[in-house]
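Each remark here refers to the structure printed beneath this line.
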Amino acid sequence: MKREYCGVFGIYNHEEAARLTYFGLYAQQHRGQESAGIVTWDGTKLREERGMGLVPEVFNEEHLSRELKGNIGMGHVRYATTGGSRLRNAQPFMVQYKDLELAIAHNGNLVNTMELRAKLEASGSIFQTTIDSEVIVHLIVQNLRSMPLEEAVLAACKEAQGSYSLLLMVNDKLIAVRDPLGIRPLVLGRLGESHVIASETCAFDLLEADLVRNIEPGEMLVIDGNSMESYKMDVEVEKKRHCIFELVYFSRPDSLVFGENVYTCRKEMGHQLALESHVDADFVMPFPDSGIYCAVGYAQASGLPYEHAMIRNHYVGRTFIQPSQSMRDFSTRVKINPVRSLIEGKRIVIVDDSVVRGTTIRSRVKKLRELGAKEIHFRVSCPPIRFPCYYGINFSSKGELIAANNSVKDIEDFIGIESLHYLSIEGLLKSVSSPDDYCLACFNGDYAIPCPGSNCGSCSC
């Protein structure tokens, strides 16, 4: 399974800060489903509530109306990258230093976590969690001994290597920071007299907030009272390196990410895929929900009918009782079920956004064969994933990536299909408006920030 790690939301100067943070996280639930947390500033102290599970499972009316008081709020939804999936690693993470209360919410992944942690521990730092976000907090606190807050945050971020879109609440200040390469998204919005910040614009849409702009790579915004100051990190980079998988898979299709309309990009990926790999068939189908928008683009460009021959059960939640080993494949069947009358004797083009290990598509193809599909052609709307991601996606180690170790013909045989075509890197870049601004490391191994070494503990190598 492909997972992107975390979404953040913040709001400044709103009497319903906790409630709006709840809805901002709810809109970004797809970015993290293991834990959720909200912190508010009530005028004298920070208040927090964190828990394991989905946003509606963690928070209730008591939290939002009574416990999380204040007009400044920020929140986080999480998947585990650095650090395991346990409550102590849930964010926002809070500390107190002298007269400052500080909370941090982090989307991304540092590649020098272990190196920084060892240095900090050698100087006396004591860690409460195993998350890389706590490393940033310790760096900030160390810098606060000799410099003001804004400089301390910038210096800490300069030392951290990797991807980070951060929200910090330091007493009554709300601070947003984005790494110099802009790997993960972060956007600024406006809701009446309130400032809002989120990983994706879909959070603004739910609240009927207006998008103001992207927070720029290497930028720090400090919101304090009636003022908002922008600072620029003293770091030189050759070019931006946005994660293109935000557009391929992770972001919601109704979001604007990196200035791109995600829905339009995915349709164009399908369009380019059809230009590269048209095949005679009876219809095009996606596997819901990930392949829908590229499948629409493929069908429109190829002139083939578009069908939903697989129907997803949207009521299968996290608490679904898992079947016994003897009932393997049952959990897959309960989530997606075929429309039998559409499949028998048909030549089918399946369009999906990506393939990591190939085991899921293999089981679904097997089911289509059992139902009498005559031909199955598989089209993938991104290039082969051949390299692990160190910047906040749980792509497996290289040894587990099917495209890293097998030819297209080998993968066709493994899945059990007539033909397979991956979208080329050139076709992918034609689907976005600023092709020079994207990280393609999972496809070509060109890492903007090299991992310190194998088995480093701070990445997926």
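The values are calculated or read from the model by the stated rules, or taken from the named source; none is laboratory data. Since we're looking at a predicted model, the values are computed, not measured. Glycine also receives a Cβ, built like all others from the backbone with ideal geometry; neighbour counts cover every protein chain displayed. For accessibility, only protein heavy atoms count, side chains too; no ligands or nucleic acids. Shrake-Rupley method; radii C 1.70, N 1.55, O 1.52, S 1.80 Å.
General observations
- Checking each residue in the stretch 114-152 for being under 17 Å from residue 91 (Cβ atoms), open to solvent by less than 10 Å² (accessible area, probe 1.4 Å) and modelled with pLDDT of 90 or more picks out 134, 135, 136, 137, 139, 140.
- The residues of the stretch 114-132 that are small (Gly, Ala, Ser) and assigned to a loop (DSSP other than H, G, I, E, B), listed by number, are 123, 124, 125.
- Filtering 90, 105 for residues that are touching a Phe, Trp or Tyr at 6+ places or on another chain (Cβ under 9 Å) and either open to solvent by less than 30 Å² (accessible area, probe 1.4 Å) or modelled with pLDDT of 90 or more (or both) leaves a single hit, 105.
- For the stretch 135-175, the set of residues classified as free of Cβ contacts under 8 Å to residues at least 40 places away in the same chain and of a type outside the set (S, T, N, Q) consists of 135, 136, 138, 139, 140, 145, 147, 148, 151, 152, 155, 156, listed by residue number.
- Any chance residue 51 is closer than 30 Å to residue 248 by Cβ, over 14 Å from the mean Cα position of the chain (by Cα) and open to solvent by less than 20 Å² (accessible area, probe 1.4 Å): no
- Set 315, 298: member being modelled with pLDDT of 95 or more and either farther than 22 Å from residue 381 by Cα or not in a loop (DSSP other than H, G, I, E, B) (or both): 298
- The stretch 176-289 holds strands (runs of 3 or more DSSP E) entirely within its bounds, and those carrying 1 or more residues that are open to solvent by 20 Å² or more (accessible area, probe 1.4 Å) and touching a residue at least 24 places away in the same chain (Cβ under 8 Å) map to 187-191, 194-198, 210-214, 219-224, 227-232.
- Selection within the stretch 145-175 - farther than 17 Å from residue 14 by Cα, assigned to a loop (DSSP other than H, G, I, E, B) and not hydroxyl-bearing (Ser, Thr, Tyr): 145, 147, 148, 160, 161
- Single unsatisfied condition, residue 164 versus (1) open to solvent by 40 Å² or more (accessible area, probe 1.4 Å); (2) more than 28 Å from residue 44 (Cβ to Cβ): (1)
- Which listed residue is of a type outside the set (Asp, Glu), in a strand (DSSP E or B) and either in contact with a Cys (Cβ under 9 Å, 6 or more places away or on another chain) or at pLDDT below 95 (or both), from 386, 379: 379
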